[in-house]
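For reference, the structure discussed in these notes is given below.
The values are calculated or read from the model by the stated rules, or taken from the named source; none is laboratory data. All of these numbers come straight from a predicted model, not from anything done at the bench. Here the Cβ is made from the backbone with ideal geometry for all residues, glycine too, and neighbour counts use every protein chain on show.
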Amino acid sequence: MTTLRIAGGRVLHPDFSVREGDVLVDDESGEILAVGDVADGDATLDAHGCLVMPGLVNAHCHAAMTLLRGYADDKPLESWLREDVWPVEAELTDTDIRAGTELALVELVKAGTTAFADMYFSMPEVAEAVAESGLRARLGHGVVGVGKDEEAARADHEESLDFAREYDGYADGRVRTIYTPHSLTTVDESLLREYVPKAREAGVPLHYHANETRDEVDPIVEERDERPLEYADDLGMVEEDDFVAHGVHSDAREVELLAERGTAVVHCPASNMKLASGAAPIPSYREAGVTVALGTDGAASNNDLDLFDEMRDAAMLGKHAAGDASAVPAEAVVEMATAGGADALGLDAGRIEAGRRADLAVVDFEAAHLTPTHDAVSNLAYATRGSDVRHTICDGEVVMCDREVLTLDEDAVRERAAEHAADLVARAE
Ligand SMILES: CSC[C@H]1O[C@@H](n2cnc3c(O)ncnc32)[C@H](O)[C@@H]1O
Ligand SMILES: [Zn+2]
């Protein structure tokens, strides 16, 4: 066993108290060994002036959409997808997706994110990029039925399940998988009835977009006379370990259903504001006991992958929507970005305590915009930026040290992504 001591900082504990102390990590097993007054390590990572916090969890992303950052803005979801995003995505190649995913991974590491959930295409490429980066992920091949005949739609489901079965546990267990139908309106009911049980047999959780916009909810209610998540429940899609993205337009019955089933919701406040989708009822979810995580969604609807931004957005939007400054407080959004995300993705992480995975972010608090520190949790929720993260550690491995990404070549990744983005857009014209 070799150990790493993260020394000289203050530690954010699971009860949100902040105390001076070190964190001792086994960098072979990737486990936290001790917190507080710990033994010397074989190596030391300096954390003076810093706050050591759980690595952030981005629970809903389309990583390779970094290539489409700024490509199409200022439209609502439906026309944005149909007029801009899906036509250009039809031109994507495996190497484009690899380049865009690597760019996302650099961005995630640099902002202290240690785990993310991704729904996209060319997922073996995404899995390899994740393996290389040292991060942790829940990955799923996204299934969309729009514009496909039955044979092609069926092949899409098969690809999603094949990927999920083959890659679960990849990269020393850092990659886990999910079965990812895109949404309840873009995937055919009869194929969901056929393939959801197969995902259950394979023991793979489900992740899909749900109740994101009124335009998506209203036709389901009109056609079926039931709420979208009741329809999903009828299809067996609301189970423990599943997690849905957005949940903006859920009513009280749906909130209760998610709480009963133990299905988590991933709140994506920036995407919901940018596409003008609405404000998710976060206080209702939390009061009902639903696990709430945070996600950026893709970089094309955000337009970055900085979960510190997302925490701030979640708090601000929550207060604004409720007309109540005490709604969605600082502690709630820090919990969503750490323990909530880890729970949604089924990871033994998100809390700094012995025995948990050593997924950590070390945030430099010696900055003008973080001075003074009356309340470290307040600073994290309202004032910290991704660029304040000094070190990122995942599974006990230091993946960024003093802002240098150690697992990926940042400059090369940026150059390659910019080239792929330009070629992609030229092909789509
Ligand atoms: C089938 S892979 C994922 C698919 O989802 C698209 N997408 C990106 N952002 C959103 C969003 O906010 N709601 C619904 N779908 C979204 C992405 O472009 C891919 O086509
Ligand atoms: Zn999405």
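Among what's in the stretch 230-245 and is free of Cβ contacts under 8 Å to residues at least 40 places away in the same chain and closer than 16 Å to Ala344 by Cβ, pick the residue that is farthest from ligand 1 (Cβ to nearest atom). Lay out the reasoning, then the answer.
Filtering the stretch 230-245 down to residues free of Cβ contacts under 8 Å to residues at least 40 places away in the same chain leaves 230, 233-234, 238-240, 242, 244.
Narrowing further to those that are closer than 16 Å to Ala344 by Cβ: 238-240, 242, 244.
Numbers: Val238: 19, Glu239: 21, Glu240: 24, Asp242: 17, Val244: 12 Å.
So, considering only residues that are free of Cβ contacts under 8 Å to residues at least 40 places away in the same chain and closer than 16 Å to Ala344 by Cβ, the one farthest from ligand 1 (Cβ to nearest atom) is Glu240.
Here are the criteria: (1) outside the structural domain of Val204 (by TED's automatic domain parsing); (2) in contact with a Lys or Arg (Cβ under 7 Å, 6 or more places away or on another chain). Tell me which single one His48 does not satisfy.
(2)
If Ala280 satisfies every condition in (1) part of a loop (DSSP other than H, G, I, E, B); (2) surrounded by fewer than 24 Cβ atoms within 10 Å (Cβ to Cβ); (3) within 16 Å of ligand 2 (Cβ to nearest atom) but one, which is the exception?
For Ala280, the exception is condition (2).
Within the stretch 185-210, can you find the residues that are part of a loop (DSSP other than H, G, I, E, B) and either of a type in the set (Val, Ile, Thr) or crowded, with 24+ Cβ neighbours inside 10 Å (or both)?
Thr185, Thr186, Val187, Val204, Pro205
Quick check on this structure: which one of Glu223, Glu260 is under 28 Å from Pro76 (Cβ atoms) and in a helix (DSSP H, G or I)? Please lay out each step first, then the result.
Working: Glu260 fails: under 28 Å from Pro76 (Cβ atoms).
None of the others qualify; the one that does is Glu223.
Go through the stretch 111-131 and count every residue that is surrounded by fewer than 24 Cβ atoms within 10 Å (Cβ to Cβ) and out of contact with any helix residue (DSSP H, G or I) (no Cβ under 8 Å at 6 or more places or on another chain).
1
Given Gly203, Gly173, Gly140, which one is within 16 Å of ligand 1 (Cβ to nearest atom), among the small types (Gly, Ala, Ser), at pLDDT 95 or above and in the same structural domain as Cys61 (by TED's automatic domain parsing)? Show your work before the answer.
Details: Gly203 fails: within 16 Å of ligand 1 (Cβ to nearest atom); Gly173 fails: within 16 Å of ligand 1 (Cβ to nearest atom).
Testing whether each residue is within 16 Å of ligand 1 (Cβ to nearest atom), among the small types (Gly, Ala, Ser), at pLDDT 95 or above and in the same structural domain as Cys61 (by TED's automatic domain parsing) leaves just Gly140.
Considering each of Leu307, Leu347, Leu370, Leu360 in turn, give the residue that is within 30 Å of Thr3 (Cα to Cα), more than 16 Å from ligand 1 (Cβ to nearest atom) and surrounded by fewer than 24 Cβ atoms within 10 Å (Cβ to Cβ). Quick ask: steps written out before the conclusion?
Working: Leu307 fails: surrounded by fewer than 24 Cβ atoms within 10 Å (Cβ to Cβ); Leu370 fails: within 30 Å of Thr3 (Cα to Cα); Leu360 fails: surrounded by fewer than 24 Cβ atoms within 10 Å (Cβ to Cβ).
Just a single option satisfies the conditions, and that option is Leu347.
In this structure, does Gly262 turn out to be modelled with pLDDT of 95 or more and away from ligand 2 (no atom under 16 Å from the Cβ)? Show your work before the answer.
Details: modelled with pLDDT of 95 or more: yes; away from ligand 2 (no atom under 16 Å from the Cβ): yes.
It is true that Gly262 is modelled with pLDDT of 95 or more and away from ligand 2 (no atom under 16 Å from the Cβ).
Starting from the stretch 376-390, take each residue that is within 13 Å of Leu51 (Cα to Cα) and list its partners that are among the polar types (S, T, N, Q), counting only C-beta distances under 8 angstrom and pairs at least six apart or across chains.
Asn379/Thr373
If you scan the stretch 317-331, which residues turn out to be under 19 Å from Asn379 (Cβ atoms) and either among the small types (Gly, Ala, Ser) or touching a residue at least 12 places away in the same chain (Cβ under 8 Å) (or both)? First the steps, then the outcome.
Just the residues of the stretch 317-331 that are under 19 Å from Asn379 (Cβ atoms), to begin with: 318-319, 325-326, 328-331.
The answer is Gly318, Ala325, Ser326, Val328, Pro329, Ala330, Glu331.
Restricting the search to the stretch 86-120, which residues are within 12 Å of ligand 1 (Cβ to nearest atom) and either farther than 21 Å from Val143 by Cβ or without any contact (Cβ under 8 Å) to a residue 40 or more places away in the chain (or both)? It would help to see each step written out before you state the result.
Going residue by residue through the stretch 86-120, those that are within 12 Å of ligand 1 (Cβ to nearest atom) are 86-90, 92, 97, 100, 117-120.
Scanning the stretch 86-120 gives Glu89, Ile97.
Go through Gly100, Gly134, Gly140 for me and flag whichever is within 23 Å of Thr213 (Cα to Cα) and crowded, with 23+ Cβ neighbours inside 10 Å. If you could, list the steps in order and put the result at the bottom.
Working: Gly100 fails: within 23 Å of Thr213 (Cα to Cα); Gly134 fails: within 23 Å of Thr213 (Cα to Cα).
Of Gly100, Gly134, Gly140, the one residue that is within 23 Å of Thr213 (Cα to Cα) and crowded, with 23+ Cβ neighbours inside 10 Å is Gly140.
For Tyr179, work out the one condition from (1) in contact with a Ser or Thr (Cβ under 8 Å, 6 or more places away or on another chain); (2) surrounded by fewer than 24 Cβ atoms within 10 Å (Cβ to Cβ); (3) aromatic (Phe, Trp, Tyr) it doesn't fulfil.
Failing condition for Tyr179: (2).
One residue is enough: does the stretch 4-16 have a residue meeting the conditions of a type in the set (Asp, Glu) and in contact (Cβ under 8 Å) with a residue 12 or more places away in the chain?
From the stretch 4-16, those of a type in the set (Asp, Glu) are 15; that's our starting set.
When the remaining residues are screened for being in contact (Cβ under 8 Å) with a residue 12 or more places away in the chain, the result is none.
No, the conditions are met nowhere in the stretch 4-16.
So Glu287 passes all but one of these: (1) within 20 Å of Lys110 (Cβ to Cβ); (2) without any contact (Cβ under 8 Å) to a residue 12 or more places away in the chain. Which condition number does it fail?
In the conditions (1) within 20 Å of Lys110 (Cβ to Cβ); (2) without any contact (Cβ under 8 Å) to a residue 12 or more places away in the chain, Glu287 misses (1) alone.
Somewhere in the stretch 145-159, is a residue modelled with pLDDT of 95 or more, within 16 Å of ligand 2 (Cβ to nearest atom), buried (at least 17 other Cβ atoms within 10 Å of the Cβ) and in the same structural domain as Phe243 (by TED's automatic domain parsing)?
Among the residues of the stretch 145-159, not one is modelled with pLDDT of 95 or more, within 16 Å of ligand 2 (Cβ to nearest atom), buried (at least 17 other Cβ atoms within 10 Å of the Cβ) and in the same structural domain as Phe243 (by TED's automatic domain parsing), which makes the answer no.
Within 17 Å of Arg351 (Cβ to Cβ) and among the charged types (D, E, K, R) - does that describe any residue in the stretch 31-51? Break it down stepwise before answering.
Quick first cut of the stretch 31-51, residues within 17 Å of Arg351 (Cβ to Cβ) only: 31-36, 38, 51.
If we keep only those that are among the charged types (D, E, K, R) too, we end up with 31.
Yes: one or more hits.
Name the residues in the stretch 227-249 that are assigned to a loop (DSSP other than H, G, I, E, B) and more than 16 Å from ligand 2 (Cβ to nearest atom), would you? Walk me through it before giving the result.
Taking the stretch 227-249 as the starting set, the residues that turn out to be assigned to a loop (DSSP other than H, G, I, E, B) are 227, 235-242, 247-249.
Matches in the stretch 227-249: Arg227, Leu235, Gly236, Met237, Val238, Glu239, Glu240, Asp241.
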